[in-house]
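Since every read-out is calculated from the coordinates, none of them should be taken as a lab result. Bear in mind that the values here come from a model prediction, so they are computed numbers and not experimental data. Positions of Cβ are generated from backbone atoms using ideal geometry, with glycine treated the same way; all protein chains shown enter the neighbour counts.
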Amino acid sequence: MHPLVRRFSSLALAFATLGYTHAMSASSSSSATRETSPSSEIIAYVFPQNRVLAPDEVNGRRLTRINYAFANIKDGEIVPGFSHDEENFAILNKLKSVNPSLKILVSVGGWTWSGGFSDASLTPRSRARFISSAVRFIERYKLDGLDIDWEYPAQPGAGNTNRPEDKHNYTLLLAELRQRFDREQTRLHRHLYTSIATGASPKFLEHTEMDKVQHYVDTINLMTYDFYVGGPSTGHDAPLFHNPTDPKHVSAELSVAAYEQAGVSARKIVLGVPFYGRSWGEVSDKNHGLFQPGKAAKGVHFSYPQLPNLLATGYVRYWDSVAAAPYLYNPQAKVFITYEDPQSLAAKCKYVTHQKLRGIMFWEYSNDSTGILLQAVHAGLTPVHTSNARGN
C-alpha cells in the first residue's frame, strides 16, 4: 500500500466529518422525517474471513439483508468457509433484536471458491446433493436463505472447471433450489430467500439464461463495479453513466439496460456499489489522470476512511459530471485513485429509485468503518414524509 494512505490529518478528519454531516442533514431536516426502514433493499456483503465479528460491528438497523461471504463447496456440498463462521452467524442473527425484518443469507462461491459449481450443477443427482446441503446449512445456522455467487457459468473465472452446459445447468440449479426452498419454507413457516451475484458484462449474459433465471430468485445482485481492474489504463471502478471518452465504454446504466434487454425485470435488479478504491501509479498529468496510461496496483483496495487522508498530501478530488463519479489525482506522485463517495452514492440511489430497481448492495461492509457510505445509501433510499404545519 502506498505510504501516503497511512497518513492522518485534521484536514482529513474534517473532510470525513463533513461527508457524514452532509449525509445526515438529508435525514434530519426540520420539514421532513425519515422512516426507520428503507423502501428498497440495502444488502451488505460481510466478509470477516478468519476473525470474529465484534457484536456492534455491523449496523443492522440500516440494512435489509446481509450476505455473509463465503461458504465453500467441497465434494459437491456447501461447507463453512472460515474457522469462525458459526460464531459470526450467531452474532449476525442477534441483530434481529434491533431489526426484526433483517435477513441473513450465506453467500457461496465468490471469485476464489467457484470451482465446484460446474460439477455440482451437472446432473439431477449432483444438484439434489448440493441443494440438500444448502438446506442443512441454513437450518444449522438459522439463516434466511442462500446467495449463489458463481463466477462464472461456462467461463473459467479464476481457472475453474467450466462447461458449455453450465449455461442451462445454472438455470436448472436455481429452479430446483427454489422448488426445494418452497417445500422447506412451508415446513419452517418462513420465507427462504434465493439470490445471485452476477457479472455486469455482456459476456455473463451470453453464458446464462437470465430471462428464465430471474423467476427463481428474489434478487439479482448486479456487480456493477470492477470495470477497471489491473489494466494498462486508468478509469472509474463503478461509473453510473457512460462517459463518451471512456475507452472501455462501460457504466452501471449500460449494464442495467443490457439486463433489461435480456428480459430481466427491473424489480429483480439490485445495483452493486463498491465501498473501496483502486489506484494506478505512473499516471501522466493529463485530464487529471483520468483515462490515462498507468500501472495498476494489483490487489490493493483502499477503504473509504483512508481516502480523505490523501487530500492533505497533494491529492485533489475531481468530479466526472458525465459519469457521476469522483476520483483523486496527485500530479507530484502521479497516482490516480477511483472510489465511491456520498455524492456518487446519492446519484446512484436517485437512479435506482427513478428506474424502479430493487435496491443497492455493496461489497463490503468492513471497508467503511465510519458508516458514512452506508448512511448515504440509507438516506438516499429511505422515503421522506413531509410533516404538516403543526410539525407532526
- Query: With charges only on Cβ, +1 for K and R and -1 for D and E, what is the dipole size of the chain about its Cα centre, in debye, rounded to 20?
  - Reply: 580 debye
- Item | Extended-chain gain in nm, criterion 0.36 nm per residue less alpha-carbon gap, ARG136 and ASP182 | 15.1 nm
- Item | Size descriptor, Kirkwood hydrodynamic radius, that averages inverse alpha-carbon separations across the range 139-283, Å | 16.8 Å
- Message: Give me the extension gain from VAL316 to THR353: residue separation times 0.36 nm, minus the current Cα-Cα distance, reported in nm with one decimal.
- Response: 10.2 nm
- Item | Of LYS142/LYS212; LYS74/LYS212; LYS103/LYS348; LYS248/LYS334; LYS212/LYS350, pairs whose Cα-Cα distance is over 25 Å | LYS142/LYS212; LYS74/LYS212; LYS212/LYS350
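What does the charge count around LEU240 come to, taking other residues whose C-beta lies under 9 Å from its C-beta (Lys +1, Arg +1, Asp -1, Glu -1)?
Here the charged neighbours net out to 0.
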- Query: Looking at the range 290-381, which trypsin sites (Lys or Arg not before Pro) are in a loop (DSSP not H, G, I, E or B) and have at most 12 other Cβ atoms within 10 Å?
  - Reply: LYS298, LYS356
- Query: If one takes the longest principal axis of the Cα atoms in the chain, at what angle in degrees, from 0 to 90 and to the nearest 10, does the Cα axis of helix 372-381 lie?
  - Reply: 70 degrees
- Task: For ASN99, enumerate residues with amide H under 5 Å from its amide H, sequence gap 5+ or separate chain, H modeled in the peptide plane.
- Result: none
- Query: Amide H to amide H under 5 Å from GLY157: which residues, 5+ apart in sequence or cross-chain, H placed 1.01 Å off N in plane?
  - Reply: TYR152
- Message: I need TRP363, TRP150 ordered by Cβ neighbour count within 10 Å, fewest first.
- Response: TRP363, TRP150
- Item | Extension gain, SER83 back to ASP285 (0.36 nm per residue minus Cα-Cα distance, nm) | 68.1 nm
- Item | Separation between Cα centres of the range 291-344 and the range 250-272, rounded to whole Å | 26 Å
- Note on the structure: In degrees rounded to 10, the 0-90 angle between helix 10-27 Cα long axis and the longest Cα principal axis of the chain is 60 degrees
- Note on the structure: For the chain the mean separation of alpha carbon contacts under 8 Å (6+ apart) over residue count, i.e. relative contact order in percent, is 20 percent
- Message: With angles folded into 0 to 90 degrees, how steeply does helix 252-261 sit against the dominant principal axis of the chain? Use alpha carbons for both and round to 10.
- Response: 30 degrees
- Item | Distance (nanometres) between label positions extended 7 Å along Cα→Cβ at ALA54 and HIS189 | 3.8 nm
- Item | DSSP-defined antiparallel bridges as percent of all bridges, the chain, nearest 5 | 40 percent
- When you count, for each residue, the other Cβ atoms within 10 Å and take the mean per peptide, how do 117-130, 320-333 rank with the highest first? 320-333, 117-130
